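Only one structure is covered here, and it is reproduced in the block below.
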Amino acid sequence: MENPVIQIQNLKKSFNHQEVLKGIDLEVNAGEVIGYLGSNGAGKSTTVKILCGVIRDFEGDIRILGHDLRQEDITIKKRIGYIPENAIMYEQLTPLEYLEFTASLYGITPDIARQKSTDLLELFEMKNFRNDRMLHFSKGMKQKIHILSGLLHNPDILFMDEPLNGLDANAVIMVKEMISQLSKEGKTIFYCSHLMDIVERISTRIILLNEGQIIANGAVEILKQQSGSSSLENLFSKLTGQTDSTEKAEKIIHVFEKKNQ
């Protein structure tokens, strides 16, 4: 039996004496698309930052691609990609310069880096902007560059934290198709998002996090059947105890109307 590409045992993390992750146990296999869901503050981004080696201080044991994260983080980082929600970008560079710089960090030769970067920019409809400074790019344009930089070195595992923020409809469709193709090639996708309709369509497995603990783990359809839910959104509301959204929305509208009288 193939070993999991991600193994997490009793992962805990606290900030200012407040426990954010309270003992996460999880295994992920090659080719899976994991939809990692949770409310704000549930610990999603913290988990991803730990797995990517951005946050180094944590309790528990983590192995990625057979390597101990504490001892072999550089080896792991060479084989993973990370697309954060709000990444810092060298905006004085052009897209082509930025991608070539990123490629150099992974040991890709300049000639290959230039060719791959040019091809990817064209496919992502950014060819006409490849030599423009990114200082005045829109959020969506910058996000496209972040996505390409996370994929440039052909990682075995791709961590995506709200990757669709700011993208136009065509780019969203393309990213969804890319995720599907990468999964078919045996790549593993660890996908964090609040957009549950998209997560429901692309994920092979859902991990639902609530207050730092996993409260659901399984295929979307199985979880929906077990809970009697009609959608992933409905399942999320039930398991997190937030079933009064309609009532709250009505009260909010009532307040708006009252203010205008």
Does residue 75 qualify as being touching a residue at least 40 places away in the same chain (Cβ under 8 Å) and among the polar types (S, T, N, Q)?
no
Checked pairs for segment 180-202, first under 30 Å from residue 237 (Cα atoms), second surrounded by fewer than 22 Cβ atoms within 10 Å (Cβ to Cβ) and of a type in the set (S, T, N, Q), C-beta under 6 Å and 6 or more apart or across chains, list as 199/193
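Can you find even one residue in segment 18-36 that is free of Cβ contacts under 8 Å to residues at least 40 places away in the same chain and in a loop (DSSP other than H, G, I, E, B)?
no
Within segment 209-233, count every residue that is outside any strand (DSSP E or B) and either at pLDDT 90 or above or aliphatic (A, V, I, L, M) (or both).
The number of residues fulfilling the criteria is 6.
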Unmet criterion (only one of (1) assigned to a helix (DSSP H, G or I); (2) touching a helix residue (DSSP H, G or I) at 6+ places or on another chain (Cβ under 7 Å); (3) not β-branched (Val, Ile, Thr)) for residue 81:
(1)
Restricting segment 210-222 to residues that are under 17 Å from residue 33 (Cβ atoms) and touching a helix residue (DSSP H, G or I) at 6+ places or on another chain (Cβ under 6 Å), the residue that is surrounded by the most Cβ atoms within 10 Å (Cβ to Cβ)
220
It is to be established whether one or more residues within segment 57-67 are without any contact (Cβ under 8 Å) to a residue 24 or more places away in the chain, over 26 Å from residue 140 (Cα atoms) and hydrophobic (A, V, I, L, M, F, W, C).
no
Residue, farthest from residue 29 (Cα to Cα), within segment 60-88, restricted to residues that are within 18 Å of the chain's Cα centre (by Cα) and surrounded by fewer than 16 Cβ atoms within 10 Å (Cβ to Cβ):
88
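The values are calculated or read from the model by the stated rules, or taken from the named source; none is laboratory data. Computed from a predicted structure; not experimentally measured. In this analysis, Cβ positions are derived from the backbone assuming ideal geometry, glycine residues included, and neighbour counts consider all displayed protein chains.
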